[in-house]
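Coordinate-derived values only; no laboratory data. Remember, it's a predicted structure, so these values are computed and weren't measured experimentally. Note: ideal-geometry Cβ built from the backbone for every residue, glycine included; neighbour counts use all protein chains shown.
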């Protein structure tokens, strides 16, 4: 059976349009913030001594979560950000930073999309068990038609920018923490 040329051409165009509907992949490297312009690095106790602990949340964790950034992608971006900020340590660091992806919105459509990333962080001293930092940070991220024509691409860009801003605020907060002398372990 032979398919007429106009029918075949219409089929090819339809497939191309469907392919254009797929969102581009989220890139953890795009979520790592530029840390230029921050005050001098962290207190000595935190330098290369924070390891990334479990990251929870993401798609399927909440009805509010409709974006495409999952826990593994966020964990990778968090680890790279800590390394870039002189905070990230290798396994067995003195501090463990856990994160929960609380919210990342997905607007339906629009010329300009703004989303809000809300992430809860908790950093624990692994020697004493003391909680050193415990806060939720909310940051916006936007993308417009100037960034991308496709709604899905604008959404991915807005999500990446919201997470990038969130990670930058985290580094700013960690840089502001007072130094912690090494204490004896809990008993």
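Just a few scattered comments:
- With a simple spin-label model that places each label point 7 Å from the Cα along the Cα-to-Cβ direction, the separation between residue 36 and residue 136 comes to 3.4 nm.
- Within the stretch 28-57, backbone nitrogen closer than 15 Å to the virtual label 7 Å beyond the Cα of residue 98 toward Cβ: 51-57
- With a simple spin-label model that places each label point 7 Å from the Cα along the Cα-to-Cβ direction, the separation between residue 172 and residue 114 comes to 1.7 nm.
- Remark: the residue 43-residue 152 segment gains 35.2 nm on full extension, using 0.36 nm per residue and subtracting the alpha carbon distance.
- The packing ranking, built from the mean of other Cβ atoms within 10 Å per residue, places the peptides 137-149, 75-87, 118-130 in the order 75-87, 118-130, 137-149, highest first.
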